[in-house]
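Here's the structure we're looking at; comments come further down.
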Number of protein chains: 2
Amino acid sequence: MSNDLKLLSRQISRWVLESTSTAGSGHPNSCLSAVEAVTALFFGGTFRAHLADPHYPTNDLFVLSKGHAAPLLYAVYAAAGVIDAAELSTLRRRGSQLEGHPTVRWPYAVAASGSLGQGLSIGLGLALDAKWRQLPRRVFVLLGDGEMMEGSNVEAMTLAAHQGLGNLIAAVDINGLGQRGPTIWGRDLARWRKFGESLGWRVLPVKDGHNLGELTEAWAAAAETDGRPTLLLLSTIKGHGVSFLADAPDRHGKALTDDELQRALMDLPLTVVPPIGLVPNPPDYQAIDRAHSESIPTAQYQIGDMVSTREAIGSAVTSLVTSHQEVAILDAEVSNSTYFNGAMEKASDRSLECFIAEQVMVGVAIGLALAGRQPWLSTFAAFLMRAADQLRMAPYSAAGLKVVGTHAGVSIGEDGPSQMGLEDIALFRSMGATVLYPSDAVGAFALVGLAATEKNMVYLRATRGATAVIYGPEAAWRIGGSHVLRQSDSDVATVIAAGVTVSEAIEAADRAQEAGLSPRVIDAYSVEPLDSATICEAAKWTGLVVVVEDHRPAGGLGEAVAAVLTEHGVSTTMVHLAVRNRPGSATPAEQLHESKIDADQIIHVITEQLSKK
Amino acid sequence: MSNDLKLLSRQISRWVLESTSTAGSGHPNSCLSAVEAVTALFFGGTFRAHLADPHYPTNDLFVLSKGHAAPLLYAVYAAAGVIDAAELSTLRRRGSQLEGHPTVRWPYAVAASGSLGQGLSIGLGLALDAKWRQLPRRVFVLLGDGEMMEGSNVEAMTLAAHQGLGNLIAAVDINGLGQRGPTIWGRDLARWRKFGESLGWRVLPVKDGHNLGELTEAWAAAAETDGRPTLLLLSTIKGHGVSFLADAPDRHGKALTDDELQRALMDLPLTVVPPIGLVPNPPDYQAIDRAHSESIPTAQYQIGDMVSTREAIGSAVTSLVTSHQEVAILDAEVSNSTYFNGAMEKASDRSLECFIAEQVMVGVAIGLALAGRQPWLSTFAAFLMRAADQLRMAPYSAAGLKVVGTHAGVSIGEDGPSQMGLEDIALFRSMGATVLYPSDAVGAFALVGLAATEKNMVYLRATRGATAVIYGPEAAWRIGGSHVLRQSDSDVATVIAAGVTVSEAIEAADRAQEAGLSPRVIDAYSVEPLDSATICEAAKWTGLVVVVEDHRPAGGLGEAVAAVLTEHGVSTTMVHLAVRNRPGSATPAEQLHESKIDADQIIHVITEQLSKK
């Protein structure tokens, strides 16, 4: 295998310029900075893959963390003959797979990128999967120096070193220029080296990041694992190869005009059409059957048992992890609170402690999902906010993460607002995730089972304190379902609750019954999607609707219900009880009372509303 | 000043144990780990402050990043006589200022903490303010070693070194134990040192983090600035001082039982009541008047001008920064896209480039707000998600940040979904922020002016592309307001839009008019709070409501409208046009069309709904 790297890189540079100019936008300069590095990796003999078969298990993988260099990635695949060069001219056009930033809609993109600082965590997940499965796969991640300022990268570096991932190679394209000016450390390779080494990485500097020989050797050296992950420091020039683009400020994210393109191509003459770039085959893969059972865990609780849903979810996941070998477990240093510790012990060969670093936890989970695993991750609902951007990006990598957020709402009690997840339902609903919120331990088990069979990202919300088991083994559960817990022909109101407020709704209904009023009670455990048929029918019958939730008013159960009611034109008045105060410390019961989401308040608003009629 | 540090630390340790035991919860072990360090800082002569006057401008400041050690902070203030020791027994009780984790409800808390990894960024903001104002103030931040895994801390360390903040001292309480087990680096001080130095910090190790003499000297040395921020590495023992707590696993976040408390106190005998701990005065403060004008910027646009709202917001902020000297400007390396570059140049003495690191940007902004400034910060709406947790915590520090998110929605066009803010309204609404979304440049100016006078956190959402100016100088704007743009007695539907969809609504209305249908059009520029009176009145009059927004369906304008309509029992059908597809690359107009949020779709649904009648 002896590709002409010089010719190939020239061709790739020209395609980058041509495709972005045709598109009228894109980031040619950020591509030119890394053309030689990527050419040397793919065609210099180190990278092994059946490129056209992107899911071949022993393929090396290339994650483009600096996603704005997508045109470079597309040009490399054209140079390898995997896609047709003509397709490059569809870049950034409606309907084209060649999007402005890569997503998995293009089958050769390993992961979606474009929100900077996420690729290394994803690469870590992919490399970890290979280690767990003992696959001879190496994972290469290309990062920009600007994005290295994102703390998420340091989380990934620290964790990758701790895991001894010698199969993970991160190359930083140090061109010293960000979007608006110089990067914080510039091209001070000594500084970068000290930084990488302090985090336990082997560091290999490449003084001329455009020298194909030096690059080819560096990639080969990087792929020789010594048990540490490797950081390749590429000293590069943004816009390299074109005189008026090289190191030019104010050119970030700007395509060339036609005139500029002609001038630029003169700097990059190509008299011979290069032959297709060849990539060595990876080692053959011997498939190993992994145990997978269609059975889902079943609960062993009696009605009336007091169990927290976080504990029940933990038990269910512990059960799931045995029957489902593709399940992987991730924790951010709270597994003894989230009850994920049981599953982690049981499947220690598929579990990762991420320490207090939620961003890398979600990034790794995306990587594991892309490697075919089903990642289950958990922390306090409040702290999932730390990884909101990684969660937002997960669907663009088609990563159906299973996320458990415990300690939701004011009902955690004394710890105060910093520990209360009060915005989590809004977050996950806005991202299109399925949101499930059990009110008891039986529901928790059932919803873990449903989540395990769901392709979409699922968010399971869990309560800290114990709640009474109210469902028997016969209860039927489905995504988009609900349970009507109290119902009669004389219902005067519908109370819709979920999770911890279900018991408040039941108590309110029972107390109202004594006063001669009968509210219907619905447990809307499937917050997203909602059981709109049951809710609309109840609202039509009873008129008044009361929604009660342990969450901020915006984006939660209440607004989901309001959306359904208005969409179906149901004529009703809805009272929305949600957390509108600024909670402090107090007992769980006091918190529910102060936030006006308890039985007292439910009865109060029903009485008040009915008296208005 | 010669406090008996031994006695004081003993007293503080006892109070920590007693108050957490009385509360029945809390984190006594995490407090004991740092009792001597905090005692030596406050009472060893280095820390200078009028403790009882927490806002005295030259006070040194102490930020407790490891917020779960709140009982220690409260005990220190009791030892200093600022609060009554008896109040300690109200810890974690309903109504007490002494919350489980500190918030600014307690006036002596510098900042709210409890979501780990945020205190250093806040301290950076406070230290930066002091540098800008040339105040002889030092900022001390106490961090846990577990929380150092959060990448946000590295963002702050990198930036603090870059800013040369010699007045910033971070002490890491390295007790080697997290909640569920050992921390990732344990007590390997050499490793910590290498890490700190690689980021440009001066590093001072304290081999015995419980030795009051060593600690006192270390704090004094740390406060002697050499132009670099200082990292104090405290080798400590969790649960220090109590035999059965010291280095004990499985004791995180657990208060002692009564029996345990008695045994523990025997390990910490106190035969003399220590006198009140004295703290040296800070240098006197000479007040300097800072220019502040009540005038707000006025726009100079003509109806029909094509201007993007991001550019107009940038111009307005550039104008604001001159008249309002308390305004500070922050950027995350996109100021040439957000148009914050003008303001940054104009007020370079109050501007900070945070590079590509959104978390530290928001943390610094909280610090600046706590120092009395009005921070304006900006990046792409999508990338604000990276700092969702810092934004969530801002209200608990009463920090009324002014946040501008540009490039919102699918209307950005070709760059694709990674760059599209589609969940941002849900995020900010769920946090209780005021959400303003101008549709033209005149509105952008007016809303910047409104935001500047608003105490609450404000989120301003901006569009990438140019939109036509539709408002004249006479238009009146208010938080909670809206503009009715098309109205007649024969209106058959109400179209509610905001931002980029307003022009689509106008176009739809004008085209519908030609077909003999007249929809009312409302520009709901104040998305939160919404103008419920105008919306309900329109809905009652017209029946049909169509909401059209460039955002995901959950938590945005549509659900805000649905909430208002159902709350007021308005009988109507609402069609909610929002981004329900998975966008790729396409032109802005194609994106609006594909997501079915353009004029065509508005007309289509109005026609369809009316034909059903």
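Look at (1) more than 27 Å from A:Pro182 (Cβ to Cβ); (2) in a loop (DSSP other than H, G, I, E, B); (3) open to solvent by less than 60 Å² (accessible area, probe 1.4 Å) and you find that A:Leu265 fails only one, number (2).
Under the condition of being away from chain B (no Cβ under 12 Å), touching a helix residue (DSSP H, G or I) at 6+ places or on another chain (Cβ under 8 Å) and open to solvent by 20 Å² or more (accessible area, probe 1.4 Å), the residues counted in segment A:81-101 number 4. Residue-level analysis places B:Leu232 outside the set of residues that are in contact (Cβ under 8 Å) with a residue 60 or more places away in the chain, assigned to a helix (DSSP H, G or I), surrounded by 17 or more Cβ atoms within 10 Å (Cβ to Cβ) and touching a helix residue (DSSP H, G or I) at 6+ places or on another chain (Cβ under 9 Å). Number of residues in segment B:189-211 that are surrounded by fewer than 20 Cβ atoms within 10 Å (Cβ to Cβ), away from chain A (no Cβ under 11 Å) and more than 33 Å from the chain's Cα centre (by Cα) equals 3. As for segment A:371-383, it holds no residue that is farther than 24 Å from A:Gly558 by Cα, of a type outside the set (Phe, Trp, Tyr) and under 9 Å from the mean Cα position of the chain (by Cα). Based on this model, can you work out whether B:Pro283 counts as over 21 Å from the mean Cα position of the chain (by Cα) and under 30 Å from B:Arg10 (Cβ atoms)? Spelling it out, it is not the case that B:Pro283 is over 21 Å from the mean Cα position of the chain (by Cα) and under 30 Å from B:Arg10 (Cβ atoms). Cβ separations smaller than 6 Å between residues 6+ apart or across chains give the following pairs from segment B:314-332 residues that are touching a residue at least 24 places away in the same chain (Cβ under 8 Å) and part of a strand (DSSP E or B) to residues that are among the hydroxyl-bearing types (Ser, Thr, Tyr) and surrounded by fewer than 24 Cβ atoms within 10 Å (Cβ to Cβ): B:Ile329/B:Ser351.
Just the residues that are within 13 Å of chain B (Cβ to nearest Cβ) and surrounded by 24 or more Cβ atoms within 10 Å (Cβ to Cβ), please, taken from segment A:160-171. Answer for segment A:160-171, where residues must be within 13 Å of chain B (Cβ to nearest Cβ) and surrounded by 24 or more Cβ atoms within 10 Å (Cβ to Cβ): just A:Ala160.
All conditions in (1) more than 29 Å from the chain's Cα centre (by Cα); (2) more than 30 Å from A:Leu330 (Cα to Cα) hold for B:Gly166, with the sole exception of (1).
Can you find a residue in segment B:304-321 that is surrounded by fewer than 15 Cβ atoms within 10 Å (Cβ to Cβ) and polar (S, T, N, Q)? No, there is no match, as no residue in segment B:304-321 is surrounded by fewer than 15 Cβ atoms within 10 Å (Cβ to Cβ) and polar (S, T, N, Q). Suppose the filter is surrounded by fewer than 24 Cβ atoms within 10 Å (Cβ to Cβ), within 14 Å of another protein chain (Cβ to nearest Cβ) and within 28 Å of B:Asp129 (Cα to Cα); does B:Ala398 pass it? In short, yes.
Would you confirm whether any residue within segment B:353-364 is modelled with pLDDT of 95 or more, open to solvent by 20 Å² or more (accessible area, probe 1.4 Å), out of contact with any strand residue (DSSP E or B) (no Cβ under 9 Å at 6 or more places or on another chain) and assigned to a helix (DSSP H, G or I)? No: zero hits. Taking the listed residues A:Asp415, A:Asp389, the one that is within 12 Å of another protein chain (Cβ to nearest Cβ), touching a residue at least 40 places away in the same chain (Cβ under 8 Å) and either assigned to a loop (DSSP other than H, G, I, E, B) or touching an Asp or Glu at 6+ places or on another chain (Cβ under 6 Å) (or both) is A:Asp415, with no other qualifying.
Residues in segment B:466-484 that are open to solvent by less than 30 Å² (accessible area, probe 1.4 Å) and not in a strand (DSSP E or B): B:Val469, B:Tyr471, B:Gly472, B:Ala475, B:Gly480, B:Gly481, B:Ser482.
Of the residues A:Gly569, A:Gly555, A:Gly543, the single one that is within 12 Å of chain B (Cβ to nearest Cβ) and closer than 25 Å to B:Pro395 by Cα is A:Gly555. Can you name every residue in segment B:33-76 that is under 23 Å from B:Gln286 (Cβ atoms) and of a type in the set (A, V, I, L, M, F, W, C)? Of everything in segment B:33-76, those that are under 23 Å from B:Gln286 (Cβ atoms) and of a type in the set (A, V, I, L, M, F, W, C) turn out to be B:Phe47, B:Ala49, B:Leu51, B:Ala52, B:Leu61. Here are some conditions: (1) crowded, with 19+ Cβ neighbours inside 10 Å; (2) under 23 Å from B:Trp219 (Cβ atoms); (3) not polar (S, T, N, Q). B:Pro54 meets all but one. Which one does it not meet? With (1) crowded, with 19+ Cβ neighbours inside 10 Å; (2) under 23 Å from B:Trp219 (Cβ atoms); (3) not polar (S, T, N, Q) applied to B:Pro54, the lone miss is (1). Has segment B:290-311 got at least one residue that is part of a loop (DSSP other than H, G, I, E, B), on the phi > 0 side of the Ramachandran plot and at pLDDT 95 or above? Among the residues of segment B:290-311, at least one is part of a loop (DSSP other than H, G, I, E, B), on the phi > 0 side of the Ramachandran plot and at pLDDT 95 or above, which makes the answer yes. Between B:Thr566, B:Thr501, which is within 29 Å of A:Met431 (Cα to Cα) and free of Cβ contacts under 8 Å to residues at least 12 places away in the same chain? When all the criteria are applied, what remains is B:Thr566.
Of the helices (runs of 4 or more DSSP H) that lie entirely inside segment A:1-82, those containing 2 or more residues that are aliphatic (A, V, I, L, M) span A:5-23, A:35-43, A:70-79.
Would you confirm whether or not segment B:5-22 contains a residue that is within 18 Å of B:Ala171 (Cβ to Cβ) and surrounded by fewer than 24 Cβ atoms within 10 Å (Cβ to Cβ)? Checking segment B:5-22: at least one residue is within 18 Å of B:Ala171 (Cβ to Cβ) and surrounded by fewer than 24 Cβ atoms within 10 Å (Cβ to Cβ).
The values are calculated or read from the model by the stated rules, or taken from the named source; none is laboratory data. A quick note: this is a predicted structure, and the numbers were derived from the prediction, not measured. Cβ atoms come from the backbone with ideal geometry, glycine included; neighbour counts cover every protein chain shown. Ligands, DNA and RNA are excluded from the accessible area calculation, which covers all protein heavy atoms including side chains. Shrake-Rupley method; radii C 1.70, N 1.55, O 1.52, S 1.80 Å.
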